[in-house]
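Colleague: Quick one: the structure is below, and I'll ask about it shortly.
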Amino acid sequence: MPTFLHAALRFLGCVPALLLVACAGPAGAPAAVTIHNVRSVEIQYQHDGWERADEVHRLQRGTGQRAFTRTSRVEAADGITTTRGNVPAQRVGELLWALSAPPWPRERAVQVVARHVSPVWMMENALVAPRADVPGCTAREIRDRMYAHLKGAQLRSQVDAYYQDMPWTDDDPAMRVVITFSDGPDRVISSRERTLHMLPWTLGEQPTSGTAAAPRSWSVPVSDALRRLLPPDSQAAQRLANNGDVHLATRIGRVAEHECVEALGAARAAP
């Protein structure tokens, strides 16, 4: 049993032998569901902008209890492909467990996401260059200051700002997940977020004009569980797996550049 699921079952007080059961979470969580009641999971992913993709991944309950059959239809610029594979039922259980927990606040997600940010990737992908009108700020100085913001509390602060103020881009992803049960209403979660792990998740349909917004959750385990249900080479899986974003890297680079400019100005103004 994977460490993640084993710890989850122990925490929730489930019997470890019942591998195919998703238990109720803490107070305030949705009602308990079991994987035996799951008929299918459908993950729809569309992307426009830098690249185009239209993916539908449907996990259908198999004849046994230990696997779901996944049928993936992927439409890309080079045509349409359909592939099939098996997904262990415990992977679906991980998604049910993640959704059974109370919604995560942004602050909790920031701490988890920051732990997985790669400083090396961020340093290599920040779209920052020395300011031509400030000769005293060399590329080395800016990079040194940037590196200081890729550790500890400073990195968490930058990740938090990134999630609060993500700039508009023509990168337009959309994911919609429908869990169908044999006894009970469908469960829908969705996201149109351009951010790392597509956080936060809307616990329901995306709001439209005149409709109230559904609750949201910043749950990283939901993103991780969804990724494990998908073919690793799908754009949907790669989107959820990203631990680096050029917008976050560039934000940190701009902060470092601004600090360098201020420090240079202060040095010149000193008597």
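Colleague: Does HIS149 fit the bill of being crowded, with 19+ Cβ neighbours inside 10 Å, in the same structural domain as PRO119 (by TED's automatic domain parsing) and touching a residue at least 40 places away in the same chain (Cβ under 8 Å)?
Modeller: yes
Colleague: Determine which member of the set VAL56, VAL74, VAL92, VAL41 is crowded, with 20+ Cβ neighbours inside 10 Å, under 30 Å from TYR163 (Cβ atoms), out of contact with any Leu (no Cβ under 9 Å at 6 or more places or on another chain) and not small (Gly, Ala, Ser).
Modeller: VAL74
Colleague: Every residue in the range 77-128 that is in contact (Cβ under 8 Å) with a residue 12 or more places away in the chain, closer than 24 Å to SER234 by Cα and part of a loop (DSSP other than H, G, I, E, B), please.
Modeller: ALA77, VAL117, SER118
Colleague: Looking for something of a type in the set (Ser, Thr, Tyr), more than 30 Å from ARG39 (Cα to Cα) and touching a helix residue (DSSP H, G or I) at 6+ places or on another chain (Cβ under 8 Å) - is there at least one such residue anywhere in the range 180-197?
Modeller: yes
Colleague: In addition: Name the residue that is surrounded by the fewest Cβ atoms within 10 Å (Cβ to Cβ), counting only residues in the range 182-216 that are of a type in the set (D, E, K, R) and over 19 Å from VAL112 (Cβ atoms).
Modeller: Only one residue fits best here, namely ASP183.
Residue-wise test of (1) touching a strand residue (DSSP E or B) at 6+ places or on another chain (Cβ under 9 Å); (2) more than 24 Å from ASN242 (Cβ to Cβ); (3) not in a loop (DSSP other than H, G, I, E, B).
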{"position": "LEU150", "(1), (2), (3)": "no, no, no"}
{"position": "GLN158", "(1), (2), (3)": "no, no, yes"}
{"position": "TYR163", "(1), (2), (3)": "no, no, yes"}
{"position": "PRO167", "(1), (2), (3)": "no, no, no"}
{"position": "ASP170", "(1), (2), (3)": "yes, no, no"}
{"position": "VAL178", "(1), (2), (3)": "yes, no, yes"}
{"position": "GLY184", "(1), (2), (3)": "yes, yes, no"}
{"position": "ILE189", "(1), (2), (3)": "yes, no, yes"}
{"position": "PRO221", "(1), (2), (3)": "no, no, yes"}
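Colleague: When you scan the range 165-181, how many residues do you find that are of a type in the set (Val, Ile, Thr) and surrounded by fewer than 14 Cβ atoms within 10 Å (Cβ to Cβ)?
Modeller: The number of residues fulfilling the criteria is 1.
The values are calculated or read from the model by the stated rules, or taken from the named source; none is laboratory data. This structure is a prediction, so every number in the text was calculated from the model and none was measured. Here the Cβ is made from the backbone with ideal geometry for all residues, glycine too, and neighbour counts use every protein chain on show.
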